[in-house]
Amino acid sequence: MSRVLTVAAAQLGPIQKAEDRQSVVTRMIALMDEAHARGGNFIVYPELALTTFFPRWYHEDRAEADSWFEASMPNAATAPLFDKARALGMAMSFGYAELTPEGRHFNTSILVDHAGKIAGKYRKVHLPGHVDYDDTRSHQHLEKRYFEPGDLGWPVWNFAGGLVGMAICNDRRWPETYRVMGLQGVEMVVLGFNTPSVNSQRSDEGLADRLFHHRLSVQAGAYQNSTFVVAVAKAGTEDGHHLTGGTLVVDPNGKILGELDHEHDGVLVVACDLDDTRFGKETIFDFARHRRVEHYGLIIERTGVGAPLGE
Ligand code: CDT
């Protein structure tokens with residue numbers, strides 16, 4: 001099997017609160033057609049791809065927020081997307097808000113294979129934001145209110161001819177995310193994001209800083225684990241709230257292979273030779289030879305900062 005996986009990072013422009021799933025799925029299908037025409041065989045969409053970034057909206061009654069969630073997947077709204085992927089033989093990944101039969105809520109993404117079968121599921125571990133309405137912030141970010149932390153860890157799947165794992169948005173800022181997948185030999189990490197372009201607690205941290213931290217995190221994760229990383233934005237202004245763009249594909253050297261420079265629907269197609277991950281994995285980041293786990297205990301023993309060990 002070819003080791004070239006031609007990935008299509010399918011950025012979505014803004015989705016307004018009033019926009020329904022059907023219209024978003026129509027946009028996603030148009031992006032899939034474009035990706036296919038340009039040679040893509042694996043299309044990656046953003047976090048919470050089917051709706052506006054609803055955690056910015058406060059619902060006193062949490063049950064009201066269930067209207068943003070999917071109780072099954074595929075479902076009536078997304079079936080045309082699955083049908084299209086199957087017809088084109090296109091693998092895909094997208095994010096959505098998952099409501100389980102037990103009534104649990106997760107920020108989820110899935111891998112769907114070329115035959116339209118769900119091959120992998122990931123539930124976001126690092127939930128940013130807060131639980132209750134916070135009037136000290138310029139805008140709300142209520143992921144901790146509406147979701148519980150993911151319970152599946154970061155599995156890596158044999159998928160589309162490579163070793164593929166998923167992360168979601170804020171996960172990309174945490175080295176643990178990539179390393180857990182790196183220890184499974186991951187060759188491509190795909191992730192979607194919705195990043196407000198201003199820090200709600202620090203107004204002087206704007207778009208340029210946000211994009212800097214985004215690239216810094218993704219490039220470091222790719223390099224330090226010798227993996228491709230595909231990071232896909234939902235971008236632009238949703239009901240007055242601006243989200244950064246910055247959809248990009250990074251190679252195992254940490255270099256940006258391509259980046260979209262706009263904030264509307266668009267596709268970035270990049271042919272990734274997964275064998276390019278080998279050199280880093282067999283040399284400077286050959287974990288079996290170079291890791292020193294006897295010194296890493298604190299990483300799992302402590303969550304927050306504690307006393308210095310030198311005293
Ligand atoms: N969606 C998401 O995880 N967004 C966060 C915003 C962080 S500020 C609360 C991100 O890391 O981009």
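In the stretch 292-311, which residue that is free of Cβ contacts under 8 Å to residues at least 24 places away in the same chain and surrounded by 10 or more Cβ atoms within 10 Å (Cβ to Cβ) is farthest from Leu183 (Cα to Cα)?
Applying the filter and picking the extreme gives Arg302.
Among (1) more than 16 Å from the ligand (Cβ to nearest atom); (2) closer than 26 Å to Phe53 by Cα; (3) touching a strand residue (DSSP E or B) at 6+ places or on another chain (Cβ under 6 Å), where does Gly240 come up short?
Status for Gly240: all satisfied but (3).
Right, Ala233: within 17 Å of Phe42 (Cβ to Cβ), within 15 Å of the ligand (Cβ to nearest atom), small (Gly, Ala, Ser) and crowded, with 17+ Cβ neighbours inside 10 Å or not?
Details: within 17 Å of Phe42 (Cβ to Cβ): no; within 15 Å of the ligand (Cβ to nearest atom): yes; small (Gly, Ala, Ser): yes; crowded, with 17+ Cβ neighbours inside 10 Å: yes.
The answer is no for Ala233.
Looking at the stretch 210-238 only, could you name the residues that are among the aromatic types (Phe, Trp, Tyr) and either free of Cβ contacts under 8 Å to residues at least 24 places away in the same chain or over 27 Å from Gly161 (Cα atoms) (or both)?
Phe212
Taking the condition of being touching a helix residue (DSSP H, G or I) at 6+ places or on another chain (Cβ under 8 Å) and away from the ligand (no atom under 12 Å from the Cβ), how many residues in the stretch 178-220 meet it?
11
What residue, of Glu294, Glu311, is of a type in the set (Asp, Glu) and part of a loop (DSSP other than H, G, I, E, B)?
Working: Glu294 fails: part of a loop (DSSP other than H, G, I, E, B).
Glu311 is the lone residue from the list that is of a type in the set (Asp, Glu) and part of a loop (DSSP other than H, G, I, E, B).
Could you list all residues from the stretch 1-39 that are β-branched (Val, Ile, Thr) and crowded, with 23+ Cβ neighbours inside 10 Å?
Within the stretch 1-39, Val7, Ile15 qualify.
Only residues in the stretch 262-284 that are touching a residue at least 60 places away in the same chain (Cβ under 8 Å) count as the first member; pair them with residues that are surrounded by fewer than 20 Cβ atoms within 10 Å (Cβ to Cβ) and in a strand (DSSP E or B), Cβ under 6 angstrom, at least 6 apart or cross-chain, and list the lot.
Leu268/Gly258; Val270/Leu257; Val270/Gly258; Ala271/Val4; Ala271/Thr6; Asp273/Val4
Exactly one condition in (1) of a type in the set (Gly, Ala, Ser); (2) over 20 Å from the mean Cα position of the chain (by Cα); (3) closer than 26 Å to Ser200 by Cβ is false for Gly129; which is it?
Only one criterion is unmet by Gly129, namely (2).
What's the total number of residues in the stretch 137-177 that are in a helix (DSSP H, G or I) and either of a type in the set (S, T, N, Q) or within 10 Å of the ligand (Cβ to nearest atom) (or both)? Talk me through it step by step, then tell me what you get.
Going through the stretch 137-177, the residues in a helix (DSSP H, G or I) turn out to be 143-146, 169-173, 175-177.
Checking which are either of a type in the set (S, T, N, Q) or within 10 Å of the ligand (Cβ to nearest atom) (or both) leaves us with 143-144, 169-173, 177.
Result for the stretch 137-177: 8.
Among the candidates Gly116, Gly129, single out the residue that is on the phi > 0 side of the Ramachandran plot, out of contact with any Gly (no Cβ under 8 Å at 6 or more places or on another chain), in a loop (DSSP other than H, G, I, E, B) and within 16 Å of the ligand (Cβ to nearest atom).
Gly129 is the lone residue from the list that is on the phi > 0 side of the Ramachandran plot, out of contact with any Gly (no Cβ under 8 Å at 6 or more places or on another chain), in a loop (DSSP other than H, G, I, E, B) and within 16 Å of the ligand (Cβ to nearest atom).
Checking Gly153 against (1) in contact with a Phe, Trp or Tyr (Cβ under 8 Å, 6 or more places away or on another chain); (2) surrounded by fewer than 16 Cβ atoms within 10 Å (Cβ to Cβ): exactly one of these is not met. Which one?
Condition (1) is where Gly153 drops out.
Let's see how each residue does on (1) within 19 Å of Ala9 (Cα to Cα); (2) of a type outside the set (A, V, I, L, M, F, W, C):
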| site | (1), (2) |
| --- | --- |
| Met90 | yes, no |
| His114 | yes, yes |
| Asp134 | no, yes |
| Leu152 | no, no |
| Ala160 | yes, no |
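Test each condition in (1) within 27 Å of Gly39 (Cα to Cα); (2) part of a loop (DSSP other than H, G, I, E, B) for Phe285 and report the one that comes out false.
Exception for Phe285: condition (1).
Where a number appears in this text, it was derived from the coordinates with a stated rule and is not lab data. No experiment lies behind these values; they were computed from the predicted model shown. Glycine also receives a Cβ, built like all others from the backbone with ideal geometry; neighbour counts cover every protein chain displayed.
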